[in-house]
Structures are given as structure tokens and as C-alpha cells.
Amino acid sequence: MTSESIDIINAFALLTNFVLLPALSYGSQLALGALAVTLVYSVLRFSNFAQADSMAFGTMIVILLSSFMIGKGWTISGIPTALLAVPIAIVGTSIYLLSMDRLVYQHYRKIKAKSITIVMASIGVMFITGGIVRFILSAKAQKFADGERFIFSVREFKTYTGLEQGIALKTSQFLTITIALILVAFVFYFLQKTRTGKAMRAFSDNKELALLSGINPDKVVQITWLLVAVLTTIAGTLYGLDKGFAPQQYHLLLLPIFASVIVGGIGSPVGAIAGAFLISFSEVLLTYAYKKFLIYLLPLSMHPSSLVQLIGTEYKYAISFVILVVVLLIKPTGLFRGKVIVDD
Amino acid sequence: MAYLEGKNLVASYGVVPILHECSVEVEKGELAVIVGPNGAGKSTVMRVLLGMLDATSGSVTLDGKDISMLSTQDRISHGLAFVPQTKNVFPSMTVEENLQMGGFIRQDDINKTIEEVYALFPILYDKRKQLAEQLSGGQRQQVAFGRAMMTKPSIMLLDEPTAGVSPIVMDEIFSNILDVRNAGMAVLMVEQNAQQALKIADKGYVLVSGRNEHTGTGKELINNPEVRKKFLGG
């Protein structure tokens with residue numbers, strides 16, 4: 001042990017392993033969920049409380065499908081089977097979300113209900129969706145990741161670099177970050193460059209004028225739900241691969257997701273992503289125990305005896321909540337000025 | 001028969017009657033103006049012509065064809081275009097994207113029409129990558145006109161195009177409207193600034209409580225003592 005001296009490299013290897021990588025992957029998962037909330041908010045004009053439970057719904061289909069596929073031996077070595085099940089799960093989630101739109105939200109659009117009324121309806125959808133998931137999969141926690149657990153493990157990293165402190169890159173982290181990057185790039189390209197994406201933005205900007213320009217509102221709504229289904233299923237699956245699946249845990253994701261959207265500026269896609277990383281880094285940085293990190297950096301005489309943990313992990317949801325309240329008090333429009341719905 | 005004709009239109013919002021047998025018509029290459037006091041139903045006439053509000057009786061014909069039963073979108077693909085009074089651009093989209101959205105229903109190449117709009121309003125070409133919300137009031141109005149022209153309409157309906165702009169911008173907008181008319185389109189507009197609008201109008205309608213009170217050429221109406229006294233401030 002070289003703990004008599006100050007060891008910056010090992011200190012930051014430690015931080016990379018326990019803060020940077022977890023926060024990046026958690027942030028990516030939140031970002032996809034937040035992007036879905038922002039899309040619904042911009043186009044359908046309500047805050048979708050059912051988002052987190054829809055993620056559980058999408059993940060549920062992935063779990064059912066992948067266990068079926070594993071039973072049949074339909075796997076590719078090294079890749080989590082769940083990932084192979086995602087495309088079909090997206091179809092399933094799309095059907096579910098479009099049916100909910102047909103059964104619930106369409107009615108409120110037709111009678112031109114106030115945004116807050118539709119929000120209340122979405123809370124109903126949230127309970128129904130959560131109920132369906134618990135009914136089918138039970139409320140118990142489960143793991144569904146298979147295949148290689150690590151891209152490289154702590155031991156491999158140590159042998160390769162000779163550092164005392166190892167860094168492991170979990171397959172789920174690697175997949176989360178790369179897939180989220182690709183997906184976000186795709187969504188932005190779609191919204192900025194394609195005819196349909198522009199029509200969605202036009203519809204969100206000025207509904208009446210979009211109708212006068214011949215943009216079909218039903219089609220815009222359907223495309224939105226399809227995009228939301230893609231984001232939702234992938235976000236849920238990546239979160240589950242990383243942290244395991246439990247309906248209640250997914251349900252509680254609603255708070256950090258909403259916090260991300262509001263911190264970033266509601267209705268702004270870039271803001272949703274920025275907000276997601278702000279929330280994830282705050283959560284991880286504030287709940288991390290810095291004892292070992294400080295031991296690497298400080299001379300022996302100053303080594304801490306406590307864990308040096310600012311907030312216990314059991315309070316991590318409070319962090320989103322506090323950030324949310326602070327933002328609403330100081331800068332309610334968020335980091336990237338979002339738009340606020342005014343009922344007409 | 002005139003190019004666009006609204007004949008004996010009767011309409012109401014709920015139980016409140018707004019239009020009572022009101023008629024307007026406009027020919028190609030002609031600028032017709034509807035003026036009148038607040039609540040006379042001027043904007044309602046536009047909404048009925050566009051199919052945004054159903055008339056309880058009366059008919060709307062375009063080039064001799066009855067279009068009363070068509071939806072707004074169908075009327076737009078038949079050659080009607082509308083520039084609303086407010087919220088007439090997509091604020092968070094660029095000028096060029098605004099024009100592209102205007103031509104959304106067209107299946108053919110819209111780039112030529114975009115060029116035509118730029119030729120008519122050269123400033124829009126310079127600002128084509130800017131967001132509409134960053135433009136001045138007059139420029140934004142040009143974007144609104146440009147967007148409406150993207151369907152290559154034969155008739156433009158304008159709802160109070162000079163509402164809330166400075167007198168200089170008003171002159172600019174009126175000259176834009178004359179450009180549009182001179183390009184061979186029929187233009188029908190509702191206007192608060194009655195005096196100035198009637199000056200450039202080929203035809204004018206004075207509406208009071210949903211009825212045609214006076215009809216004539218712009219000049220006739222300006223010179224009509226009763227119209228002057230009641231609606232033009234002496």
C-alpha cells in the first residue's frame with residue numbers, strides 16, 4: 001500500500017469507477033425517459049405521469065420475451081438477450097401507448113380539455129400500467145441480464161495498467177452510453193431534418209397554423225407515441241440491465257425524470273438531456289462515500305475516519321426533489337428556456 | 001360569377017348569432033377589403049369562407065364550384081390560403097422551415113416556390129436560417145405571407161394584417177399586399193385601419209352587426225359621406 005504518498009491517478013481511477021461511469025449511464029437512462037416526457041409535453045401538451053411506469057411496461061415485455069428466447073436457445077453469446085428482444089418489445093409498447101391514447105387521451109383532446117385535466121388522466125394511466133406490470137410479473141425484483149457482465153473487469157484493468165485501483169466497465173454501462181448516444185442523435189436528426197419531424201415541431205409551435213398548413217394532427221400524435229415507445233422501451237431495458245428490474249423502483253424514477261425535464265427547461269429536448277445528467281451527477285456525487293478517495297489524496301495524518309458521505313443513498317430521491325424545488329424557485333423556465341403551456 | 005363568393009352567409013358561435021345573410025366576393029387580381037366596427041363579424045366571414053366555422057346557411061363557391069362542404073385542409077389544397085391575425089408563424093422554426101411547412105401538403109418540388117417567395121421578399125432570403133421569433137414585426141408578417149403563398153394559392157385571405165404595427169410597417173405591409181395582388185392573386189382582407197385599407201382596395205365591404213351595410217369600390221366608400229361619418233371618423 002502506497003497510502004503514505006498522495007496518489008492522484010488512483011484517486012481519479014476510483015472516481016471514474018464509482019462516480020463517472022455510474023452517473024454517465026444513469027444519466028443516459030434518465031435522458032431517454034426525459035426526452036420522451038418532453039416530446040409528449042411539446043406535442044400533446046401534458047406532463048405524462050405514466051412515463052416511468054410505461055418504462056416498466058416496455059421492460060416487462062423485454063423480460064418475458066428474453067426468458068422465452070433463452071429457453072429456446074435463441075441467444076448470441078456475449079450480447080444480453082434482452083437487447084435482441086427490444087425491437088419486438090418496442091412494437092408491443094407502441095401498441096400499448098397508442099391504445100391508451102385511443103382509449104383515454106383522444107377523448108380529452110376532442111373536448112379540448114385543459115392540460116391539467118389530461119395530466120390527471122395520465123396519473124390514472126400510470127396506476128393502470130403499474131398494475132398490469134405487477135399483475136403479470138409480480139412486484140418482486142428480478143435480474144434479466146445475461147451474457148458477458150464486463151467489457152473489461154477490475155482485475156483485467158489492474159493487470160493492464162498496473163494501477164492499484166481498478167476500473168471496471170460493465171457491459172450494461174457501455175451499452176447504455178453508446179445506445180443512448182445513437183438514439184439521441186437519431187431523435188435530434190429526426191426532429192431537425194426530416195419532413196415528419198419538422199411537422200411535429202410545427203405542430204408543437206403553433207397548432208392552429210399547422211392545421212392550416214395541412215399537417216395531419218392525428219398522424220403527428222401517432223408518430224409522437226411511436227417515438228416515445230422507442231425511447232421508453234430502450235430506457236427501461238437499459239436501466240433494468242444496469243440495476244435490475246423492480247416495478248416500484250421504476251415507478252420512483254418518475255421524480256428524477258420530471259426533475260430532469262424541468263431543470264433543463266420543459267419542452268426543450270436539449271434541456272431534458274442536460275437536466276438528466278445534472279440530476280444523475282448530483283445524485284451520485286452526493287451519495288458517494290469519499291473516504292477512500294480522500295485517503296488517496298490526503299497525507300496520512302489527515303485521513304478521514306468516517307465514510308465522508310454527504311447524503312445516505314436511501315435519500316437519493318430527495319436530491320431530485322430539492323433540485324426541482326430550487327429550480328422552480330430561482331429559474332422556473334429551466335436551464336434552456338422551455339415553453340409553458342397556456343390553455344387556450 | 002366571381003372567383004370566390006360567399007353568399008348569404010348565416011353563422012353563429014353557439015347560440016350567439018354573428019352573421020345575418022352576409023355576402024362577399026372577390027375576383028382574381030383584385031383586392032377586396034372588409035371593414036366595420038368591432039364585433040361586426042369581419043373575422044367570422046373569413047372563418048366561414050375557410051371552413052373553420054360552419055355556416056348554418058348560405059354557400060361558399062370557388063371558381064364556380066361549391067366548396068361549402070369541404071374541410072379547411074381541402075379548401076387549402078383547392079387554392080385558398082389564410083394568414084391569421086396573430087400567431088401566424090412557427091416561432092421556433094427558421095424562416096426556411098416556415099416556408100417548407102407552408103408547402104407541406106404539396107407533393108411536388110417546393111424549392112421553386114421558396115425561390116419565388118425570396119424574390120418577392122428579398123430580406124427573407126438573408127434571414128432564411130434565423131428563427132421566426134427573432135425577426136421584426138414587419139419581417140415576421142412577410143414570413144406569414146410567404147408561408148401562406150407556399151401552396152401556390154389563387155386567393156389569399158388576410159385577417160387584420162396591420163394590427164398592432166407601427167405606421168411605417170403598415171405601409172410596408174400594404175405594399176406587400178399590393179405585390180401579392182399584382183402577382184395575379186385574389187386578396188380578401190379584414191382591416192381595422194379602414195381609411196388606409198380602402199385607399200388601396202379595389203372593392204370594399206362595410207359590415208355592421210353581421211350585415212352588409214355598404215358595398216362599393218374603395219374610392220366610392222371613402223367618398224360616401226355616411227361611411228365617412230360613421231366609420232372613417234369624418
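The values are calculated or read from the model by the stated rules, or taken from the named source; none is laboratory data. Note that this is a predicted model, so its numbers are computed, not measured. In this analysis, Cβ positions are derived from the backbone assuming ideal geometry, glycine residues included, and neighbour counts consider all displayed protein chains.
Worth pointing out:
- Of all residues in segment B:65-87 being in contact (Cβ under 8 Å) with a residue 60 or more places away in the chain and more than 22 Å from B:A11 (Cα to Cα), the one that is nearest to the other protein chains (Cβ to nearest Cβ): B:S77
- Residues that are among the hydrophobic types (A, V, I, L, M, F, W, C) and under 16 Å from B:R140 (Cβ atoms) were ranked within segment B:95-128; the one that is nearest to the other protein chains (Cβ to nearest Cβ) is B:M101.
- Search result, residues across segment B:194-212 that are crowded, with 18+ Cβ neighbours inside 10 Å and out of contact with any Phe, Trp or Tyr (no Cβ under 7 Å at 6 or more places or on another chain): B:A197, B:L198, B:A201, B:K203, B:G204, B:Y205, B:L207, B:G210
- Checked against the criterion of being touching a residue at least 24 places away in the same chain (Cβ under 8 Å) and within 11 Å of A:L35 (Cα to Cα), the candidates A:I273, A:I234 yield just one match: A:I273.
- Condition check for A:L163: touching a residue at least 12 places away in the same chain (Cβ under 8 Å), of a type in the set (A, V, I, L, M, F, W, C) and assigned to a loop (DSSP other than H, G, I, E, B): yes
- Total residues in segment B:147-167, condition within 11 Å of chain A (Cβ to nearest Cβ) and more than 12 Å from the chain's Cα centre (by Cα): 3
- Segment B:153-187, residues that are on the phi > 0 side of the Ramachandran plot and touching a strand residue (DSSP E or B) at 6+ places or on another chain (Cβ under 9 Å): B:E160
- All positions within segment A:255-273 that are surrounded by 21 or more Cβ atoms within 10 Å (Cβ to Cβ) and either within 12 Å of the chain's Cα centre (by Cα) or not in a helix (DSSP H, G or I) (or both): A:P256, A:I257, A:F258, A:A259, A:S260, A:V261, A:G265, A:I266, A:G267, A:S268, A:A272, A:I273
- Residues in segment B:158-175 that are surrounded by fewer than 18 Cβ atoms within 10 Å (Cβ to Cβ) and of a type in the set (S, T, N, Q) were compared, and the one that is nearest to B:K28 (Cα to Cα) is B:S175.
- Looking across segment B:180-228, the residues that are over 30 Å from B:S12 (Cβ atoms) and over 18 Å from the mean Cα position of the chain (by Cα) come down to B:K219, B:E220, B:I222, B:N223, B:P225, B:R228.
- When B:H20 is tested against (1) assigned to a loop (DSSP other than H, G, I, E, B); (2) farther than 24 Å from A:L211 by Cβ, exactly one condition is not met: (1).
- Test: residue in segment B:40-55 that is at the interface with chain A (Cβ under 8 Å from one of its Cβ atoms), under 29 Å from B:Q134 (Cα atoms) and either touching a helix residue (DSSP H, G or I) at 6+ places or on another chain (Cβ under 9 Å) or modelled with pLDDT under 95 (or both): no
- Pairs with Cβ under 9 Å, 6+ apart, first in segment A:195-212 and facing chain B (nearest Cβ under 7 Å), second acidic (D, E) and not in a helix (DSSP H, G or I): A:E208/A:D344
- Yes/no for B:F90 being within 11 Å of chain A (Cβ to nearest Cβ), touching a Leu at 6+ places or on another chain (Cβ under 8 Å) and within 22 Å of A:Q192 (Cα to Cα): yes
- Criterion: away from chain B (no Cβ under 14 Å), under 30 Å from B:N98 (Cβ atoms) and part of a helix (DSSP H, G or I) - qualifying residue of A:V230, A:V220: A:V230
- Options B:G29, B:G6, B:G14, B:G36: the member that is on the phi > 0 side of the Ramachandran plot and at pLDDT 90 or above: B:G29
- Hits in segment B:71-90 (condition: within 23 Å of A:R337 (Cβ to Cβ) and surrounded by 16 or more Cβ atoms within 10 Å (Cβ to Cβ)): B:N88, B:V89, B:F90
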